[in-house]
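The values are calculated or read from the model by the stated rules, or taken from the named source; none is laboratory data. Note that the coordinates shown come from a computational prediction; the quantities given were computed from them, not determined experimentally. In this analysis, Cβ positions are derived from the backbone assuming ideal geometry, glycine residues included, and neighbour counts consider all displayed protein chains. Ligands, DNA and RNA are stripped out before the accessible areas are found, and what is left, the full protein with its side chains, is counted by its heavy atoms. Shrake-Rupley method; radii C 1.70, N 1.55, O 1.52, S 1.80 Å.
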Amino acid sequence: MFKLLVGFLVSFYFAQSLRAWNAEGHMLVSQIAYNHLSPAAKAKCDELIAVPLVYGGPSNNTFVTAAVWADDHRAPLGTSGSHFINLPFSLDGTPTNGFTPPAFDVVKAINQSIAVLQNPDSVLTNQATHLRYLLHFVGDIQQPLHCVTAVSSATPNGDAGGNAFTFSGGRWGNVHFLWDEGGGYLTNSISRPLNPTGQAILDSKAAAAETNYSYSANPNTIPNPMTWAMEGLELAKTVSYVGVTRNTTPSAGYLNTVKASAEQRMVMGGRRLADLLNTLFAPSPVALTPGPVSNGTFAFTWVGLSNASYRVEWKHQLSDPMWNVLTNITATNNSVLFSDAVSQTQRLYQVV
C-alpha cells in the first residue's frame, strides 16, 4: 500500500430515515465510484469485497451492493450512531446550546476506516469490514440531513436531522425521509443480488448524473470528512429547510429541488469515494531493474499491473528542471520491459 507523506422518536418514518440514502442511492454512489477507480484500486477493492465476513451474503457480494452492507447489518454491528453527525443550527433564533452531540459520528467513523485501510498491518477481515463501512459512510455524509440537527421552538433539542420535522400528507412523513429518497429521484426498486435490469438502471442513472453534474477529480490526498459535513450543514441551511413548512405537504417545486440536489450529491459522493480509494490503494513506487547495454540498446524492467498505463521520462542531470516525456506503455502482463537506443554518455530515467 502506498503510504502518503504525508432521544428516541417513536415513528415509522424515523425507522425508515435512519438509512440516509436508500439502498439505490448507496449503490448509485458506489457505482459512480467504481467507474472511476484505477486498475490498482479496483483490484484491491475486489479482493477485499471477496473476503467472507460473519455478516455477509449474496446481497452484499459486489463492490456496488456492499455499499448497503452497513445498513443491512447495523443492529448486530451496533453502528447506528456512525451514520450521521449532528451539527446544530437554529431555524428561528432558538439557542443551540441545549444540544449535546453524540460521542461518535460519521466523521469519526470515516477517519477510523481510513486509518485501518492505511495501516499495512491491519488484518484482512478488518480491511474488508472497513472498506464496506467507507463505501457506506462516504455516501451517508453527502446527505445534508445526515450532517445537521435543526433547533427551533418546536424542537429545542434538535430535530434529529429532520426526523422530527414532520409533514401532514404525501408519501414522506418527514423531511429526512424525503431527502433519503431524493424527493423521488431514488425509487429503491433495484433488487439484490443485482440482476441485469438493476445494473442497467444504475448504469443509466450514473451516466445521466455525471452528464448533468461535472466534478473535478482530487486524487493523492486524504480528505478531512469534517469539510464534507460542514458542506452538508450549509446545504441544509440554504436548501433542505428552505421552501418547506412543518406539518404541510411539500410542494412540487421543493421536490424538484431535492431531486436535483440528490443527483448532484450522488456524483460528488461517488467521485469523492473514488478519489479516496485511488489514494489509499495506489500502487507502490515502481522499482526499475536495469539490464546491460547490448547492441547499442539499454533496457530495464519493472513489476507492473496488467492493463495499467506507465509513462517513461528522462533527463540528462538530476539538476535539470524538467523531466522529458519519452513514451507511454500499457502493460500487457505483470512484467514490463522498456528499451532505448544509447545515444549519449548519460541519461536518467523514471517511470510514472
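The table for this structure:
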| item | result |
| --- | --- |
| Length released on extending from GLU234 to ASP92, taking residue separation times 0.36 nm less the Cα-Cα span | 49.5 nm |
| Calculated from backbone phi, Karplus (6.51, -1.76, 1.60) coupling profile of segment 213-229 in Hz, x at Gly/Pro | 9, 7, 8, 8, 4, 9, x, 6, 9, 9, x, 9, x, 5, 4, 5, 5 |
| Percent of beta bridges antiparallel (DSSP, the chain, rounded to nearest 5) | 85 percent |
| Inter-site label distance for SER343 and GLU313 at 7 Å from Cα along Cβ, in nm | 2.0 nm |
| Residue order for HIS316, HIS83 - accessible surface, 1.4 angstrom probe, largest first | HIS316, HIS83 |
| Probe 1.4 Å, accessible area per residue of segment 74-147, Å² | 38 Å² |
| Mean ellipticity per residue at 222 nm, deg cm²/dmol - from DSSP H runs of n ≥ 4 across the chain, formula -39500 (n - 2.57) | -11500 deg cm²/dmol |
| Whole-Å distance, taken between Cα centres, linking segment 28-96 and segment 247-297 | 15 Å |
| Accessible surface of the chain [probe 1.4 Å, protein heavy atoms]: carbon and sulfur percent | 55 percent |
| Where a label projected 7 Å from the Cα of SER294 along Cα→Cβ would reach, residues of segment 324-340 with amide N under 15 Å | 337-340 |
| Full-extension gain in nm, SER80 to ASN119, via 0.36 nm per residue minus C-alpha separation | 11.5 nm |
| Per residue solvent-accessible surface (Å²) - segment 205-348, probe of 1.4 Å | 54 Å² |
| Under 21 Å from the Cα of LYS237 - lysines, other chains or at least 8 residues apart | LYS259 |
| In Å², nearest 10: area of CYS147 left accessible to a 1.4 Å probe | 0 Å² |
| Distance-filtered residues of segment 289-321 - backbone nitrogen under 11 Å, label point 7 angstrom along VAL352 Cα→Cβ | 311-314 |
| Correct choice for Rg and Dmax of the Cα atoms in Å that was computed from the model, options (i) 24.1, 85; (ii) 20.2, 60; (iii) 20.4, 63 | (i) |
| Length added when fully stretched, ASP320-SER306, from 0.36 nm per residue minus Cα-Cα | 1.9 nm |
| Karplus 3J(HN,Hα) series, Hz, for segment 260-275 with 6.51 cos²θ - 1.76 cosθ + 1.60 (x for Gly, Pro) | 5, 5, 4, 4, 5, 5, 4, 5, 4, x, x, 6, 5, 5, 5, 4 |
| Segment 84-94 - phi-based ³J(HN,Hα) in whole Hz, Karplus 6.51/-1.76/1.60, Gly and Pro as x | 8, 9, 9, 8, x, 8, 9, 8, 9, x, 4 |
| Among GLN346, SER319, GLY296 the positive-end extreme of the charge dipole of the chain (Cβ point charges) | GLY296 |
| Qualifying lysines (Cα of each under 22 Å from Cα of LYS42; at least 8 residues distant if same chain) | LYS3, LYS205 |
